[in-house]
Amino acid sequence: MKILVINSGSSSIKFQLLDMARESVLASGLVERIGEPQGLVKCILKPGTEKEHVVKKTQAIKDHTSGMRLAVEMLSDKDQGVIADKRDVSAVGHRVVHGGEDFHEPTVITAEVLAAIEKNIPLAPLHNPANMDGIRVAQELFAGVVQVAVFDTAFHQTIPPHAYHYALPYELYEKERIRRYGFHGTSHKFVAGECAKAMGRSLEELNLITIHLGNGCSMTAVENGKSVDTTLGLTPLEGLVMGTRSGDVDPAIHAFLARNCHMDIEAIDRLLNKDSGLKGLCGLNDMRDIHAAIAAGNERAKLALAVQTYRNKKYVGAFMAVLGRVDAIIFTAGIGENDGVVRTMSLQGLEPFGISLDREANTQRMTKPTLISQAESRTQVWVIPTNEELAIAREIKVVLSR
Ligand code: AMP
């Protein structure tokens, strides 16, 4: 069973073709700088095998349709390609960022489903239109193939009302659907499942704190396998300190900036989303650069690291209170999987609560699920590599088997 997974952004499309019999990657690639004078399509065919072959094309890419068409040409190449006939593809899966309250699980895309994704555009004005572009292109290029949407928000639809409501006038929830939705759901669900497997336990009996630390960052409290709270909110801005996003701020900062710094709402939105977080504090948003700057004596970089890891720890404490018993804490994504210093600082001082890292295990390079806590640690700590494409493809396999 071949499944093509598409993650379509405003000016780029990531794609991966998976063979689900072996859960192996047949091809993966990226279409970049759509709509700019010089675009790029890159595709790695049969990665990790003797026949690995990289194809690149640099040219103007007018829109998502022309970008995806180039990608499909590479995938279908007579000599090197991995799709002999488009009917060999069992399904195309799409990552869709905001499903609002309409979607609790992966859903076969129909005209009604597309209309519902469109209805949720006000909740994700940058992401949902781009996701819809990807769906339309795939519907055209893979006519007759089942298209499935997998929503970033779906895993969090089990969060109870007392955790998803903001203390705002209730009408704003009724009329505008303002509430916590949460994101990175596919990643949180995937690493929770992989951790259960690694622990040899059933997910339904586990309480977990999953920490996704990449460019975007979020933490989820998982009770008996279900999301019961998460740090991202109505939009992907709340909670942890991210690469360029502020995470939690006093909501009155908006009014302060408007009154005292004469910023309009667009400028404030940009400030909080694009110029804050690690970048706002020290000018750098890549954790590797921050460590290099700290080594060179940069005090602001040190502060940025301290602010991010302190916020992580504060939310670990909050979610321990939410869950009561925590069987495991999981770190994942670019920083979570690779950065032992961030992991150590995020859990420093939590030994009295039954969380003790194994210093040696925490510093090794990890490409598979790895236990990094001491044997006597009441709460285990794991590094679990996330794989959103595989997670999406697995969800689609379940939909197809129904
Ligand atoms: P992601 O969004 O999951 O792709 O994560 C991207 C972020 O992970 C980058 O911006 C880096 O800050 C971080 N990252 C990637 N590799 C490393 C590494 N080896 N050590 C520390 N941080 C890393």
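The values are calculated or read from the model by the stated rules, or taken from the named source; none is laboratory data. Quick caveat, the model's predicted, so the values are computed rather than measured. Counting neighbours? That spans all protein chains shown, and the Cβs are built from the backbone with ideal geometry, glycine included.
Key figures
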{"read-out": "Any hit, segment 349-366, residues being in contact (Cβ under 8 Å) with a residue 40 or more places away in the chain and on the phi < 0 side of the Ramachandran plot", "value": "no"}
{"read-out": "Residue ID - nearest to the chain's Cα centre (by Cα), chosen from residues in segment 324-345 that are within 13 Å of the ligand (Cβ to nearest atom) and small (Gly, Ala, Ser)", "value": "Ala333"}
{"read-out": "Odd one out for Ile211 among (1) modelled with pLDDT under 95; (2) buried (at least 16 other Cβ atoms within 10 Å of the Cβ); (3) of a type outside the set (Ser, Thr, Tyr)", "value": "(1)"}
{"read-out": "Qualifying positions in segment 62-72 - more than 12 Å from Cys43 (Cβ to Cβ) and either surrounded by fewer than 24 Cβ atoms within 10 Å (Cβ to Cβ) or modelled with pLDDT of 95 or more (or both)", "value": "Lys62, Asp63, Thr65, Ser66, Arg69"}
{"read-out": "Condition met for Ile372 (of a type in the set (A, V, I, L, M), within 30 Å of Leu4 (Cβ to Cβ) and either away from the ligand (no atom under 16 Å from the Cβ) or modelled with pLDDT of 95 or more (or both))", "value": "no"}
{"read-out": "Considering residues of segment 107-138 that are modelled with pLDDT of 95 or more and not in a helix (DSSP H, G or I) only, the residue farthest from Ile392 (Cα to Cα)", "value": "Thr110"}
{"read-out": "Members of segment 299-308 that are of a type in the set (Gly, Ala, Ser) and either surrounded by fewer than 19 Cβ atoms within 10 Å (Cβ to Cβ) or away from the ligand (no atom under 16 Å from the Cβ) (or both)", "value": "Ala306"}
{"read-out": "Selection from segment 210-236 of residues that are more than 14 Å from the ligand (Cβ to nearest atom) and part of a strand (DSSP E or B)", "value": "Met219, Thr220, Ala221, Val222, Glu223, Lys226, Ser227, Val228, Asp229, Thr230"}
{"read-out": "Flag for Gly48 being within 30 Å of Phe183 (Cα to Cα) and of a type in the set (Gly, Ala, Ser)", "value": "no"}
{"read-out": "Test: residue in segment 77-88 that is in contact with a Leu (Cβ under 7 Å, 6 or more places away or on another chain), closer than 30 Å to His165 by Cα and in a loop (DSSP other than H, G, I, E, B)", "value": "no"}
{"read-out": "Residues located in segment 240-271, provided they are part of a loop (DSSP other than H, G, I, E, B), more than 16 Å from the ligand (Cβ to nearest atom) and hydrophobic (A, V, I, L, M, F, W, C)", "value": "Val249, Ala252, Cys261, Met263"}
{"read-out": "Single residue of Ala318, Ala295, Ala301, Ala306 found to be closer than 24 Å to Leu206 by Cβ and small (Gly, Ala, Ser)", "value": "Ala318"}
{"read-out": "Residue satisfying all of: in segment 272-298; crowded, with 21+ Cβ neighbours inside 10 Å and within 10 Å of the ligand (Cβ to nearest atom); nearest to Gly239 (Cα to Cα) among these", "value": "Leu278"}
{"read-out": "Close pairs from segment 191-217: first under 16 Å from Pro369 (Cβ atoms), partner within 16 Å of the ligand (Cβ to nearest atom) and aromatic (Phe, Trp, Tyr), Cβ under 6 Å, at least 6 apart", "value": "Ile211/Phe331"}
{"read-out": "Single unsatisfied condition, Met366 versus (1) more than 16 Å from the ligand (Cβ to nearest atom); (2) within 30 Å of Gly93 (Cβ to Cβ); (3) not in a helix (DSSP H, G or I); (4) not acidic (Asp, Glu)", "value": "(1)"}
{"read-out": "For Arg245: the one exception among (1) in contact (Cβ under 8 Å) with a residue 60 or more places away in the chain; (2) more than 13 Å from Phe155 (Cβ to Cβ); (3) crowded, with 24+ Cβ neighbours inside 10 Å", "value": "(1)"}
{"read-out": "Residue that is nearest to the ligand (Cβ to nearest atom), among those in segment 309-322 that are touching a Gly at 6+ places or on another chain (Cβ under 8 Å) and under 19 Å from Gly340 (Cβ atoms)", "value": "Arg311"}
{"read-out": "Residue in segment 49-67 that is within 22 Å of the chain's Cα centre (by Cα) and aliphatic (A, V, I, L, M) present", "value": "no"}
